[in-house]
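The structure appears below as structure tokens.
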Amino acid sequence: MEMSANQPPQDANNICPVPPPLPGPATNCGRKALFMMNGSQTRGYSCVSTATRDSWDSLFDGGYRADVAIKTDNGGIVYAHANVLGTASPVLKGMLKQAKGFGKKRSITIHGVPQDVVRVFIRFLYSSCYEKEEMKEYVLLLLVLSHAYVVPQLKQICEQHLEHGLLTIENVIDVFQLALLCDAPRLSLISHSMILSNFKAVSATEGWKAMKKSHPALEKELLESVIDEENMRKNKIRKSNERKIYLQLYEAMEALVHICRDGCRTIGPHDKDFKEDQAPCNYAACKGLELLIRHFAGCKLRVPGGCVHCKRMWQLLELHSRLCADSSLCRVPLCRNFTEKIRKQSKKDEIKWKMLVKKILRTKRIGGAPFFVSLNSISS
């Protein structure tokens, strides 16, 4: 008896096969999915086996039922599958929609790179695989293709390889230019830093000479960056040297208070008895300051300007008076006299001394120490 086309057979439920399960995390290679860990759902990345990757490589190498012909320079052709290309790259998907062909066969063109590079690029779209030597040789071209055809995974891999070993003095100019063109800010920053650190060697490369002819504006910007970097380096050295001087002045102020209050080695207040077994002094500037004080006490040209060493001692005494918290209790000689002198000083000299005192206080952060004024009192 014939069966009606509009009526299903009575045993249809037994004849129809059970539909396959929906694809789970194991089939979504490289995409975020939920999987079980310790009895709870965790968001992470799924993986595929080596056999699966080999199958995709085999599909690409064999070209089984390939429906796209990718034309390259010098008449080369790479065969691929439209579904794979369209899924992996939105740009290739748009090209395939506009592509013309015979029957189900379509043709697109990738110009500007050798056929071997196109093969490496298309193979990555299939299996996310590449050979180490191919990446080393074609990394810059693959970076361009990955950016042009919007394949972020490959672009990230190219950037990582360049950052961790493939970036050299010879290619850093090319990498810097491509990083700017391909919107790779981290790579451009790393290559720019290498150019500044090795400018003499980089400026002698062929890449620099080519950039000088093709992009003179970029060369000018790099030269300005080199000058700015050199100025920053010199400024850093200058500030470091200034800081050392301010620290030495602070140590001299501490040692001066120490000598005049407690005494040290052979110099001290008249009411201080020195012990033969006195412990070594902890003040680094104490010894040099003792020699300066001894010279100051015995020099016949003690008038400021008459002796270089005495002039330095006068400056140290005046600096101390400006840092001293209480001149009425201070045991440093002439501290009170300088305090009276400061009131009669010109405004220009007053500003100069105040700036020096502020820098010393900020360098050592000695505001609040028992023998020195605070930074707040100077600022006010």
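The values are calculated or read from the model by the stated rules, or taken from the named source; none is laboratory data. All values derive from a computational prediction rather than experimental measurement. Glycine gets a Cβ as well: all are built from the backbone with ideal geometry, and neighbour counts include every protein chain shown.
Please specify each residue of region 168-181 satisfying the condition of being surrounded by fewer than 20 Cβ atoms within 10 Å (Cβ to Cβ) and hydrophobic (A, V, I, L, M, F, W, C).
Listed by number, the residues that qualify are 169, 180, 181.
Could you grab me the full set of residues in region 151-161 that are in contact with a helix residue (DSSP H, G or I) (Cβ under 6 Å, 6 or more places away or on another chain) and either exposed (fewer than 12 other Cβ atoms within 10 Å of the Cβ) or within 11 Å of residue 186 (Cβ to Cβ) (or both)?
Passing the criteria: only 159.
Are there any pairs, at least 6 apart or on different chains, whose C-beta atoms fall under 9 Å, with the first in region 167-185 and more than 19 Å from residue 145 (Cβ to Cβ) and the second polar (S, T, N, Q), and if so, which?
Partner pairs satisfying both residue conditions: 169/198; 169/205; 170/205; 172/191; 172/198; 172/205; 173/191; 173/205.
Does residue 267 qualify as being touching a residue at least 24 places away in the same chain (Cβ under 8 Å), in contact with a helix residue (DSSP H, G or I) (Cβ under 8 Å, 6 or more places away or on another chain), over 30 Å from residue 288 (Cα atoms) and among the aliphatic types (A, V, I, L, M)?
Values: touching a residue at least 24 places away in the same chain (Cβ under 8 Å): yes; in contact with a helix residue (DSSP H, G or I) (Cβ under 8 Å, 6 or more places away or on another chain): yes; over 30 Å from residue 288 (Cα atoms): no; among the aliphatic types (A, V, I, L, M): yes.
It is false that residue 267 is touching a residue at least 24 places away in the same chain (Cβ under 8 Å), in contact with a helix residue (DSSP H, G or I) (Cβ under 8 Å, 6 or more places away or on another chain), over 30 Å from residue 288 (Cα atoms) and among the aliphatic types (A, V, I, L, M).
Go through the residues of region 348-362 one by one and say whether even a single one is among the β-branched types (Val, Ile, Thr), at pLDDT below 80, in a helix (DSSP H, G or I) and surrounded by 14 or more Cβ atoms within 10 Å (Cβ to Cβ).
The answer is no, given that none of the residues of region 348-362 is among the β-branched types (Val, Ile, Thr), at pLDDT below 80, in a helix (DSSP H, G or I) and surrounded by 14 or more Cβ atoms within 10 Å (Cβ to Cβ).
Which residue, of 217, 285, 279, 252, is under 48 Å from the mean Cα position of the chain (by Cα) and at pLDDT below 85?
285
Among the numbered conditions (1) touching a Ser or Thr at 6+ places or on another chain (Cβ under 7 Å); (2) at pLDDT below 90, tell me where residue 115 comes up short.
(2)
Please verify whether region 139-148 includes one or more residues that are touching a helix residue (DSSP H, G or I) at 6+ places or on another chain (Cβ under 9 Å) and farther than 22 Å from residue 180 by Cα.
no
Taking region 55-69, which residues are assigned to a loop (DSSP other than H, G, I, E, B) and not charged (D, E, K, R)?
63, 64, 66 - these are the residues of region 55-69 that are assigned to a loop (DSSP other than H, G, I, E, B) and not charged (D, E, K, R).
Select from region 70-109 the residues that are free of Cβ contacts under 8 Å to residues at least 40 places away in the same chain, of a type outside the set (S, T, N, Q) and in a helix (DSSP H, G or I) and write down the one among them that is surrounded by the fewest Cβ atoms within 10 Å (Cβ to Cβ).
75
Go over the candidates 130, 138, 126 one by one and state the one that is surrounded by 16 or more Cβ atoms within 10 Å (Cβ to Cβ), assigned to a loop (DSSP other than H, G, I, E, B) and not small (Gly, Ala, Ser).
Values: 138 fails: assigned to a loop (DSSP other than H, G, I, E, B); 126 fails: assigned to a loop (DSSP other than H, G, I, E, B).
Testing whether each residue is surrounded by 16 or more Cβ atoms within 10 Å (Cβ to Cβ), assigned to a loop (DSSP other than H, G, I, E, B) and not small (Gly, Ala, Ser) leaves just 130.
Of the residues in region 110-123, how many are loosely packed, with under 12 Cβ neighbours inside 10 Å and farther than 15 Å from residue 146 by Cα?
Total meeting the criteria: 0.
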